[in-house]
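Notes follow the structure.
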Amino acid sequence: MPTSELTKMKKKIIDEIGNFKESHRFEHDVFYQAVEEVLLSIAPLLVADKRYNINAIVRRLAVPDRIIKFKVEWMDDNQNIQVNTGYRVQFNNTLGPYKGGLRFHPTVNEGILKFLGFEQIFKNALTGLPIGGAKGGSNFDPKGKSDFEVMKFCSSFMRELHKYIGPRMDVPAGDIGVGGREIGYLFGEYKKITSTFDGVLTGKPNFFGGSLMRPQATGYGVVYFTETMLEVEGKETLAGKICAVSGAGNVALYTIEKLIELGAIPVTCTDSKGTIYDARGVDIELLQDLKFNRRASLEEYVKVHPEAQYIPVSEYPKGGHAVWNIECHAAFPCATQNELTEVDAKNLVKNGCVSVSEGANMPSTPEAIEVFLKHKLCFAPAKAANAGGVAVSNFEMGQNAAMQRWTFEEVDNRLKETMQYICHSVADTAKEYGVEGNYVDGANISAFKKIADAMIAEGI
Ligand code: NDP
């Protein structure tokens, strides 16, 4: 492909993004960040195949099909009426019903959900399964609320959301702040309103239709992807290696669990207040008890293991995070977006880190990714590495539709196969487009082709 044409295309894309940002100033920065990354990756494809421009695929793909925004009123335990905002961003259903999680966190706004929904289209396409992309949630904070308050909120949220979802239309799942408890309450309300027992949500508890390993799927999937990537790139496996993991939620805990199972030594975890560094390896049972049962702060960890270190946020390095300043072979950012900065990336490189796999959605800043690619680290972007969650959600949809139940082993085997499939197709695409070893470009090109070809075939 002529370099001049590619450079021209990249410049055109950057100009277009610049104009777009200028006209929507101060709005939705994370969304632009996600779109920009994809567009720069697919520039070679846009040059090679004119159909994508003729059919205006980029412009059509960057705009959600619809954004639903609604008021959620509920009563707290002190009989005070509270008001939150609920959203569902139905981004693109070219490949299948809208699918993507719900996030309950005070930082939730339309821009964050647009970024997550946009990423979800690509992630879902990479699985090769028939699912479109969506995301939703609310600025409601489940932290510190009683079970009864969470139930009241979920019921009220679903009273509006149920109008827009269905097993063949839109199937939400969990995300930050939405686990089995919240999905259970949401499902219960949907069932009451509609008098149907439909597979309309995934991530349900397994005693009423949930997949046996949906909670584990994202974390386990990240580790399966990493093992495959290391093999493809001719690197050593994770067994016996020190690993740094951030987060202490669903994705982080099951990443840690699988790493331990494979003989690796995860030595860190984090929450929004601080970092635990336990050089002998994280005590996963204690962590699960703290986070899943007691919903406690990580500070509690050192009460049981005083030999471990607790580093509060106030003591993090300037512009960075303590967790990425610890010597490790492999890093797994599993907390939230933009939690791994350029400073962090440079520290990881300096400390000899060989691979970085994103469990969270877009946890590395663009500057951090540049550092990884420049230093030839094996870098697994979120849309490929953390697709295990949505893949198992799709299996759950299949099981619900067929009124069947699969064993843990069946789901685990299918998950492993899916992660291996994604990894190989991303690596092969990168090679085909002359960017061998670049999993960011490989993932974006591979997913874009699948969605864009289907959009062309379906017409406008
Ligand atoms: P959880 O709510 O279970 O856990 C989130 C973790 O991240 C908590 O430890 C939380 O700490 C920490 N965290 C959240 N926000 C911040 C912040 N602003 N700064 C520092 N720490 C923060 O969420 P999940 O584990 O489900 O999700 C984690 C990430 O993985 C998200 O990016 C999500 O979109 C992504 N993901 C999740 C999937 C899933 O199946 N659950 C699927 C694919 C991606 P604290 O408790 O103190 O707030």
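None of the figures in this text is laboratory data; all of them are computed from the coordinates on show. Remember, it's a predicted structure, so these values are computed and weren't measured experimentally. A quick note on method: Cβ atoms are made from the backbone with ideal geometry, for glycine too, and the neighbour counts reach across all protein chains shown.
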Check: Which far-off residues, 5 or more places away or on another chain, put their amide H under 5 Å from the one on Asn92, with H placed in the peptide plane?
Finding: Asp65, Gly133
Next item on the list: Would you pull out the residues with amide H under 5 Å of Val178's amide H, same chain only if 5 or more places away, H placed 1.01 Å from N?
Entry: Phe104
Next item on the list: Excluding residues fewer than 8 places away in the same chain, name every one of the lysines whose C-alpha is closer than 19 Å to that of Lys431.
Entry: Lys235, Lys374, Lys376, Lys383, Lys449, Lys450
Notebook entry, point to check: In whole Hz, what ³J(HN,Hα) sequence does segment 349-364 give by Karplus (6.51, -1.76, 1.60; θ = phi - 60°), x for Gly and Pro?
Noted result: 4, 4, 8, x, 5, 9, 9, 10, 10, 8, x, 7, 8, 6, x, 9
Next item on the list: Averaging sequence separations of C-alpha pairs under 8 Å and six or more residues apart, then dividing by the length of the chain, give the relative contact order as a whole percent.
Entry: 15 percent
Checklist line | Overall form of segment 322-412 per C-alpha gyration tensor (a/c, 1.5; a/b vs b/c) | finding: prolate
Notebook entry, point to check: How would you order 12-19, 136-143, 107-114 from highest to lowest mean count of nearby Cβ atoms within 10 Å?
Noted result: 136-143, 107-114, 12-19
Notebook entry, point to check: What is the local net charge at Ile311, summed over the other residues whose Cβ is closer than 12 Å to its Cβ (Lys, Arg +1; Asp, Glu -1)?
Noted result: -3
Notebook entry, point to check: Tell me, what HN-Hα J-couplings in whole Hz come from the Karplus equation 6.51 cos²θ - 1.76 cosθ + 1.60 at θ = phi - 60° for each residue of segment 195-200, using x for Gly and Pro?
Noted result: 6, 10, 10, 9, x, 8
Check: Among the lysines, which fall within straight-line cross-link reach of Lys241, defined as a Cα-Cα distance under 18 Å, with same-chain neighbours fewer than 8 residues apart omitted?
Finding: Lys258, Lys350
Notebook entry, point to check: If you take the square roots of the eigenvalues of the alpha-carbon gyration tensor of segment 303-460 and sort them as a ≥ b ≥ c, do you get rounded (a/c under 1.5), prolate (a/b over b/c) or oblate?
Noted result: oblate
Next item on the list: Take the alpha carbon gyration tensor of segment 66-196, find the square roots of its eigenvalues, order them as a ≥ b ≥ c, and report rounded if a/c is under 1.5; if not, report prolate when a/b exceeds b/c, else oblate.
Entry: prolate
Margin query: From the phi angles alone, apply the Karplus equation (6.51, -1.76, 1.60; θ = phi - 60°) to segment 56-63 and give each ³J(HN,Hα) in whole Hz, x where the residue is Gly or Pro.
Written below: 6, 4, 4, 5, 6, 6, 7, 10
Item checked: Relative contact order for segment 341-447, counting Cα pairs under 8 Å that sit 6 or more residues apart, in percent -> 23 percent
Notebook entry, point to check: So what's the gap between the Cα centers of segment 283-315 and segment 348-406, to the nearest angstrom?
Noted result: 25 Å
Next item on the list: Any chance you could list P(r) for the chain, counting all Cα-Cα pairs in 10 angstrom bins from zero, rounded to whole %?
Entry: 4, 21, 32, 27, 13, 2, 0
Note to self: Regarding segment 217-385, what's the average projected area of the Cα-atom convex hull, expressed in nm²?
What the structure shows: 8.6 nm²
Next item on the list: Tally the DSSP beta bridges in the chain and give the antiparallel ones as a percent, rounded to 5.
Entry: 60 percent
Check: Could you state the number of Å between the C-alpha centres of segment 22-93 and segment 154-229?
Finding: 21 Å
Checklist line | Computed Kirkwood radius, in angstrom, where 1/r is averaged over Cα pairs of segment 54-95 | finding: 13.1 Å
Checklist line | All lysines inside 22 Å of Lys145 as judged from Cα atoms, apart from same-chain residues fewer than 8 positions distant | finding: Lys71, Lys204, Lys273, Lys291
Item checked: Debye intensity ratio I(q)/I(0), log10, segment 11-115, q values 0.13 Å⁻¹ (C-alpha model) -> -0.62
Notebook entry, point to check: Taking amide hydrogens as modeled 1.01 Å from N in the peptide plane, which residues meet the under 5 Å criterion relative to Ala380, leaving out close sequence neighbours?
Noted result: Val356, Ser357, Glu358
